[in-house]
Amino acid sequence: MKIFELVIDEDAELYGIDAISLVDKPAIELDFIALKDERLQFAEANAEKRILVGPALVPDKPIYRKNGEEEFYVYFSKSTVRRASELYMVHGNQKNHTLEHEHNVQGLTLVESWIVEDKRKDKSALYGLDVPVGTWMVAIKVDNEAIWQEWVKEGLVKGFSIEGYFVDKTRQAQEEEELSQVVNEILSIVRFETYGNYPEAVKNNAKRGIELNEKHGNKCATQTGKVRAQQLAKGQPLSVETVRRMASFLARAEEYYDPSDTSACGTISYLLWGGKAGKRWADARMKEIEVLDALEKIARRK
């Protein structure tokens, strides 16, 4: 089963952790400790602190995930765990909490937050919690009577689970490479001959692909495909390299195109690149380009 490292993309619109949820089955498989019935000087004999202490994120621990039929594991590095804990405080999310990732709840406040530096000397050891160095520990004060009585004391919630925005490091690197290719292609427009005489059918197919992709949650195509669709829909000129990639992609992807299934990613991606009209146009341009390439080789020999 695949395992992916999740990282924080601070250039994204949303990033980091925006809430901590009380859950029955924490993904990190470690329960919190409820601090209660502790005698304090000048306090009532059995006053409850109503503080929950436990790990919010454990570094390098595989966490099982399932997306549709795809099963995989994700994990966070020590540096990502530390940065996530910092951003949670920086963004002022101390009072952002949910119940089982479904309901926002009031009356819960993060009152302590720390990173475990030494297993033996850390406060977590005092509570009998065996967590590795680099773990993000939190203490949450529960002033919500219903949550304390009906959920915590009844044992219906046992630990913490984070809610936030992270990216797959492998996928991020791939998308950065794709974006780099797009940038190079755009730059090549200045340096090489460009092609902008594609028919309206190509533009309309790209627009249709964009509409369908947005309708289905923008889940289809790579970042390169989405950028290509915007170029085609706006009638922007294409570089020689872009025409090559367009012809190559449409030739490979044609078998996945089914005009009767407008929700299929194969259909949507094909339209984003111009569809059948795009393939006819790109194939014709490639014949011209091949002639130019041959002439260029002859000229270089001379």
Single residue of segment 5-18 satisfying the filter (surrounded by fewer than 18 Cβ atoms within 10 Å (Cβ to Cβ) and not in a loop (DSSP other than H, G, I, E, B)) that is modelled with the lowest pLDDT: Glu5
Yes or no: segment 266-288 includes at least one residue that is assigned by TED's automatic domain parsing to the domain that holds Ala201, surrounded by 15 or more Cβ atoms within 10 Å (Cβ to Cβ) and modelled with pLDDT under 90. yes
Anything in segment 68-83 that is free of Cβ contacts under 8 Å to residues at least 60 places away in the same chain and closer than 16 Å to Glu163 by Cα? List them, or say none. Val81, Arg82
Among the residues of segment 66-92, the number that are exposed (fewer than 15 other Cβ atoms within 10 Å of the Cβ) and part of a strand (DSSP E or B) is 5
Sole exception among (1) closer than 23 Å to Ile63 by Cβ; (2) surrounded by fewer than 17 Cβ atoms within 10 Å (Cβ to Cβ); (3) modelled with pLDDT of 85 or more for Glu154, by number: (1)
Can you find even one residue in segment 161-175 that is in contact (Cβ under 8 Å) with a residue 12 or more places away in the chain and more than 20 Å from the chain's Cα centre (by Cα)? no
Filter segment 218-244 for residues that are of a type outside the set (Gly, Ala, Ser), touching a Phe, Trp or Tyr at 6+ places or on another chain (Cβ under 9 Å) and under 15 Å from Tyr198 (Cβ atoms); the one that is surrounded by the fewest Cβ atoms within 10 Å (Cβ to Cβ) is Pro237
Does any residue in segment 198-209 that is over 20 Å from Ser239 (Cα atoms) come within less than 9 Å, Cβ to Cβ, of a residue that is in a loop (DSSP other than H, G, I, E, B) six or more places away or on a different chain, and which pairs are these? Arg208/Thr262; Gly209/Cys220; Gly209/Ala221; Gly209/Trp273; Gly209/Gly274
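Per-residue answers, yes or no, for (1) on the phi > 0 side of the Ramachandran plot; (2) modelled with pLDDT under 75:
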site	(1), (2)
Asp37	yes, yes
Gln41	no, yes
Glu48	no, yes
Asp60	yes, no
Asn67	no, yes
Phe72	no, no
Lys78	no, no
Looking for something among the aromatic types (Phe, Trp, Tyr) and surrounded by fewer than 19 Cβ atoms within 10 Å (Cβ to Cβ) - is there at least one such residue anywhere in segment 247-256? yes
Return the residue satisfying two criteria in turn: it lies in segment 114-130 and is out of contact with any Gly (no Cβ under 9 Å at 6 or more places or on another chain) and surrounded by 13 or more Cβ atoms within 10 Å (Cβ to Cβ), and of such residues it is modelled with the highest pLDDT. Trp114
Residues of segment 108-147 satisfying the condition of being under 17 Å from Lys95 (Cβ atoms) and among the basic types (Lys, Arg): Lys141
Kindly indicate which of Asp31, Asp24 is under 25 Å from Ala146 (Cβ atoms) and modelled with pLDDT under 65. Asp31
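The values are calculated or read from the model by the stated rules, or taken from the named source; none is laboratory data. What you see is a predicted model; the values in this text were computed from it and never measured. Quick reminder, even Gly has a Cβ in these numbers, built from the backbone with ideal geometry, and neighbours come from all protein chains shown.
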